[in-house]
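The values are calculated or read from the model by the stated rules, or taken from the named source; none is laboratory data. Every value quoted in this text rests on a predicted model; they were computed, and no experiment measured them. Here the Cβ is made from the backbone with ideal geometry for all residues, glycine too, and neighbour counts use every protein chain on show. Accessible surface is based on the protein model in full, side chains and every heavy atom, while ligands, DNA and RNA are left aside. Shrake-Rupley method; radii C 1.70, N 1.55, O 1.52, S 1.80 Å.
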Amino acid sequence: MRRVSKGGGKQGGLRLWEAVRAVPRTLREDLWTLERDPLPSLRWLGRLPHAHAALFAVLMGLANGNQYEPQFESPMAPAATTAVATAVTLLVVLQSGAAVLALFRPVPAWWLSTLALFLARTVGETKVSHAPLWSWSIPGIALHTLVLFLLALRARPRVAAEALGLTLLSGLAALAFAAPAQQPSLIQDAVTCTTAVVVGAALRGRRVARSQLVEQEVRTADERARRTLLEERNRIARELHDVVAHHMSVISIQAQVAPHLVKEPTDELKENLAGIRENAVEALTELRRVLGVLRSEDAPSDGVRHAPQPTLGRLDELVGTVRGTGLAVSTETTGAPRPLPPGVDLSAFRIVQEALSNAMRHAPGAAVRVDIGYRSGGLTLRVTNTAPDRPAPPSPGAGHGLLGMHERTAMLGGELATGPTPDGGYEVTALLPTDTTKPAEPGEDAP
């Protein structure tokens, strides 16, 4: 046989005593409140259930008033009979008012309804016109059941269980103080009130679970959007790494060659050029080390990784590939073409590429037009497509096209406008500044 140590039993007794001592404090924290907690309106029915509950309270109040009939063992003064009748009527009104109050303040309404039930049972002997299975009138129980149901709809299950327990205790106390000729029991009352609390708690649990599910879906969508944004920024950073590395390599080489281009260079010049080269090499090393973490696990092959980044010089090749898929594409260039900064050239090509990809995916059979305009201080890109001639196939997933366009445009301090056209097509317009020597203002390139 297992032997229980005295110390273990003593600790168990202490924990039990602490739990018993905490019951009044718990009840006071849960039920001693006037907090307002209105019943929310439903999506489709609005506040129609609120009106039905109020109407039910009024009808049950009228029926409840007809159930109670003061009756005494011996004739008494009319004044006493009138006083008892007035008290019972007041309690009936309080019960109906508590049911309406439960729509806004469920805990205070429960206190009011419980007090009214207790006093209605103890104000003289009452005769009810139904079988003696109920300790109160049936309309009175219906009103209190409604109050418990509305309380369980919004309060935590523990609070609803505490209210149910105190309701049954008040019923036992009422039967102990008043001994009617017919001896009713609380069984029927307990079953009715318990059913109301269980149903209300179940509906509340369902509503809470649905709200948590909606919140989780919102958080998941936000996290997916954030992850998509980071992935697109990583891809842009990987592409621009080659552009920046090229410039840093050119600076290093020029700093190394410069002393040989000057006849009898001074020591100060040699020292400065050596410092420039050393800083360029260190910056290039750090750049490769930092941006190396942006490489995906399934990185592309060395041939693809070290291939030159595309520019607008390969636009004809891109358009030819798109035409091979059956999409009609036309191009037009305005202004005098000129060399563009590498970042602008790369971003312009990617924006046009993403716009054409979106047209192929979402506008099958449409005609696409690509307009490129060279203007002083900037480059204008405009890709439009007509309405598709057949439904587009379902997309395999959420793409990064528009997000990538916004990121690239914001990075250069440009502007991007996208949206449908009046004829049912779609348009993408980007304005990219070519003067990239000015640093962007803080927050200027925020997406």
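Can you run down the residue pairs with Cβ atoms below 8 Å, 6 or more apart or on separate chains, where the first is in region 405-433 and free of Cβ contacts under 8 Å to residues at least 12 places away in the same chain and the partner is open to solvent by 20 Å² or more (accessible area, probe 1.4 Å) and assigned to a strand (DSSP E or B)? That search, which allows pairs on different chains as well, returns G419/Y426; G419/E427; P420/Y426; P420/E427. Residues that are surrounded by fewer than 24 Cβ atoms within 10 Å (Cβ to Cβ) and small (G, A, S) within region 135-151 comprise just one, A142. Hey, can you tell me all the residues within region 81-118 that are assigned to a loop (DSSP other than H, G, I, E, B), of a type outside the set (K, R) and more than 17 Å from L164 (Cβ to Cβ)? L103, F104 - these are the residues of region 81-118 that are assigned to a loop (DSSP other than H, G, I, E, B), of a type outside the set (K, R) and more than 17 Å from L164 (Cβ to Cβ). Report every pair of residues separated by at least 6 positions or lying on different chains whose Cβ atoms are under 8 Å apart, first residue within region 34-60 and over 20 Å from A142 (Cα atoms), second among the basic types (K, R) and modelled with pLDDT under 85. Matching pairs, first to second residue: S41/R47. Among residues of region 391-417 being open to solvent by 50 Å² or more (accessible area, probe 1.4 Å) and at pLDDT 85 or above, the one that is nearest to the chain's Cα centre (by Cα) is H406. Return the total of residues in region 68-80 being open to solvent by 40 Å² or more (accessible area, probe 1.4 Å) and either modelled with pLDDT of 85 or more or of a type outside the set (D, E) (or both). Matching residues across region 68-80 total 9. If you go through region 10-69 and keep only what is under 40 Å from the mean Cα position of the chain (by Cα), of a type in the set (G, A, S) and assigned to a helix (DSSP H, G or I), you end up with A19, A22, A51, A53, A54, A57. Kindly indicate whether any position in region 81-91 is modelled with pLDDT under 90, open to solvent by less than 20 Å² (accessible area, probe 1.4 Å) and either over 43 Å from the mean Cα position of the chain (by Cα) or over 30 Å from P24 (Cβ atoms) (or both). Checking region 81-91: at least one residue is modelled with pLDDT under 90, open to solvent by less than 20 Å² (accessible area, probe 1.4 Å) and either over 43 Å from the mean Cα position of the chain (by Cα) or over 30 Å from P24 (Cβ atoms) (or both). If we scan region 218-233, do we find a residue that is free of Cβ contacts under 8 Å to residues at least 60 places away in the same chain, touching a helix residue (DSSP H, G or I) at 6+ places or on another chain (Cβ under 8 Å), surrounded by 13 or more Cβ atoms within 10 Å (Cβ to Cβ) and among the hydrophobic types (A, V, I, L, M, F, W, C)? Within region 218-233, none of the residues are free of Cβ contacts under 8 Å to residues at least 60 places away in the same chain, touching a helix residue (DSSP H, G or I) at 6+ places or on another chain (Cβ under 8 Å), surrounded by 13 or more Cβ atoms within 10 Å (Cβ to Cβ) and among the hydrophobic types (A, V, I, L, M, F, W, C).
Within region 117-133, identify whether any single residue is among the small types (G, A, S) and at pLDDT 90 or above, and answer yes or no. Among the residues of region 117-133, not one is among the small types (G, A, S) and at pLDDT 90 or above, which makes the answer no. Take the residues of region 343-390 that are part of a helix (DSSP H, G or I) and small (G, A, S): which is surrounded by the fewest Cβ atoms within 10 Å (Cβ to Cβ)? The qualifying residue surrounded by the fewest Cβ atoms within 10 Å (Cβ to Cβ) is S357.
Comparison of L94, L55, L59 shows that the only residue that is modelled with pLDDT of 85 or more and farther than 20 Å from L151 by Cα is L59. In region 317-342, the qualifying residues are those that are in a helix (DSSP H, G or I), touching a residue at least 12 places away in the same chain (Cβ under 8 Å) and open to solvent by 20 Å² or more (accessible area, probe 1.4 Å), and the one that is farthest from V244 (Cα to Cα) is L318.
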